[in-house]
1. As an exercise, take the mean of 1/r over every pair of distinct alpha carbons in segment 32-87, invert it, and state the Kirkwood radius in angstroms.
2. Please compute one quarter of the surface area of the Cα convex hull for segment 327-445 and express it in square nanometres.
3. Share of the chain's accessible area from carbon and sulfur, percent, 1.4 Å?
4. Going highest first, how would you order 70-76, 414-420 by mean Cβ packing within 10 Å?
5. With every protein chain left in place, what is the accessible area per residue of the chain in square angstrom, probe 1.4 Å?
6. Mind checking which lysines have their C-alpha under 20 Å from LYS84, skipping anything on the same chain fewer than 8 residues away?
7. How far, in nm, would the chain grow between GLU389 and LEU364 when pulled straight, counting 0.36 nm per residue and subtracting the alpha carbon separation?
8. Given Cα pairs under 8 Å that are at least 6 residues apart, what percent is the relative contact order of segment 315-423?
Amino acid sequence: MRFENDTIAAISTPVGQGGIGIVRISGPRSVEIADRVFRPKKAGSPSDARAGSLLYGHIINPADNASVDEVLLAVMRSPRSYTKEDVVEINCHGGLISVKRTLETVLAEGARLADPGEFTKRAFLNGRINLTQAEAVFDVITAKTEESAKLALEQLQGGLSEKLSDIREGLIDIGASAEACIDFPEDDIDTNTSLQLRKRLAEIKEAIDGLSATFQEARFFRDGLAVAIVGRPNVGKSSLLNVLLKKNRAIVTELPGTTRDMIEDYLNINGLPIRIMDTAGIRNSEELVEKEGIRRSLEAINKADFILALLDGSAPLEEDDLQLMALIRGKNAAIVINKSDLPAKISLESIREKGRECLLISALSGEGIEKLKSTIFHSNLRNWTEEREGVVVTNIRHKTALDRASSSLGRALGILLADQPLEFFSIELREALDSLGEITGTVTTEDIPDKIFSTFCIGK
């Protein structure tokens, strides 16, 4: 059974070789445990150290006084630490063995291994950060581009929390006005007061809807834009992947069907993380392995946020090409004609569809690649600008809660318009406030934080 007042420890740096590896300890016995396992080079111990000080010495195994590693030890006192508890961070030599042995020594002296995300969970439970900021910690760690990191950092610094706080304050003021009318029924709500309440409520609902609407595009900076390159064999899908990634990620040969399985990688287009997928060539085949690859290609078409349907411009259209264009009909896709460096056998006019982007490129020479990147970027970001202002929502949990709050306010407005009892109005207002409170964690059930922090690495 886990107790919140346990002293926990974990390795906070990535597994592998490096200059430094860090073992973090947090909880009421952090300094006590550090005293037992740390031997300073000079006089003084962790318990005597000032907050924020750095001590030089060795980690010693108290069982046999054997030296484990030469370290620098940092002491941070409650409440001025990441978790608002006493925290000790042991800076070991990087590498698998030194940090592992240091952690084992700490655990043997009474700390327990931290659960995934438990350090950040304690920061949340102890009031240092709210739930949106805790989620932003994960987003900062997993950000794949500078723009993704920027959005996560804005949330970590409280941008979304402040916006939601202003909205909640406005709803609380409206609720107070409604409660006053309920408590003093002899003072009937007059027409002007009702109009003012409706106007203020409509403005707040509009602000919530506007915040929710930013998710449609901002989410791609957190989750990445899934782009599938599809086409019949030997049209240059793997070559295009390599050109976009600027590295030889996929094997390229003249043999049709070289790519049997899906190859995925990330690239950065103007700060947008793109999860690019090179798929197996789509054609009629009875070969077992190739059939499975084709099945996965068809699955990628259905799941991708954007599809690049690749054709070989140096050869006439084949039946497989026509079937591919039928497959992408009605989907967010662009037709890309490759091998523009060779004599053309396909005209743009013969395949151009109304409203469908049609591009000429050469994966060999690089012609048209920059325009293709721009097309990918704007495929789902039609309103995004570098000079954007204001807070955006990147997390589906936040959007869902905002939409619930908006629905409650819509019903509350209906109650005012129908001149129904204000008690019903207050219930809907409370529902909206609770939905907003779930985002920051002021109103929450235990399973929501547990689910969020379970996605973290153990040392965070």
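1. By the Kirkwood definition, the hydrodynamic radius is 11.7 Å.
2. 13.6
3. Within the chain, the accessible surface is 52 percent carbon and sulfur.
4. Ranked from most to least packed, the peptides come out as 70-76, 414-420.
5. Accessible area per residue, the chain: 50 Å².
6. Filter leaves LYS121, LYS460.
7. So the chain would gain 5.0 nm between GLU389 and LEU364.
8. Computed value for segment 315-423: 18 percent relative contact order.
The values are calculated or read from the model by the stated rules, or taken from the named source; none is laboratory data. If you're wondering where the values come from, they're calculated on a predicted model, not measured in any experiment. Every residue, glycine among them, receives a Cβ derived from its backbone with ideal geometry; neighbour counts consider all protein chains shown. With ligands, DNA and RNA removed, areas are computed over all heavy atoms of the protein, side chains included. Shrake-Rupley method; radii C 1.70, N 1.55, O 1.52, S 1.80 Å.
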